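Read-outs throughout are calculated quantities, based only on the coordinates presented, and are distinct from any laboratory measurement. Values in this document were obtained by computation on a predicted structure and should not be read as measured data. With ideal geometry, Cβ positions are generated from the backbone for all residues, glycine too; neighbour counts draw on all protein chains shown.
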Amino acid sequence: MTAWVSAMTDEKEFEIFAALHEESGSPWVWLALDGYRSRDIIQIRCPNSEQSISSEVRIIDANFISHYNGEGRRHILEGAEPLVISEWYRKRLDICAPGNRVVLRVKKLSDWWGELTLYWHHPDRTVRLAVHLAILSVSLGLISLLIAIVR
């Protein structure tokens, strides 16, 4: 699998923040790491549990912080390494609750493998079902082709 993963890997301690309600089913997380562009596909791995997810990355900037730091929410402070992540992804990574500081390994994925794993881990059940059916369809098509060639 290393052929599909870029050499860029960051292991850092992140402060976990809950995703905004309107983004709770979105396939992205918000980070403030150098070297990543918005919509890059990344893998986040928890070194302690070895659980991982694939997600799009969105870049935290001053505009996002101003929007996020609204009334009734814990504020993202200057100098922190924030990770704004939905409950779906937190559960997949075994991260208990927002407010914790967690060491995570972030790796940029590339090409079709990154796309496939992104949709495989997507928070929307219909997207995951579509990927599973697509893989099954391609597999059955290849088996049918193999049977036709052997005959």
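Summary table below
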| read-out | value |
| --- | --- |
| Label-to-label distance, nm, for residues given as TRP112 and ASN48 (7 Å Cα→Cβ offset) | 3.8 nm |
| Tensor-based shape of the chain (alpha-carbon gyration tensor, a/c under 1.5 rounded, otherwise prolate or oblate) | prolate |
| Projected label distance in nm at LEU146 and ARG74, using a 7 Å step from Cα toward the beta-carbon | 5.0 nm |
| Under 14 Å from the VAL138 label point (7 Å along Cα→beta-carbon), backbone N, the range 73-116 | 111-116 |
| Likely footprinting exposure, VAL150, VAL103, fewest C-beta neighbours within 10 Å first | VAL150, VAL103 |
| Residue-averaged 222 nm ellipticity for the chain, from DSSP H runs of 4+ at -39500 (n - 2.57), nearest 500 | -10000 deg cm²/dmol |
| Order of ARG39, ARG90 under a 10 Å beta carbon neighbour criterion, fewest first | ARG39, ARG90 |
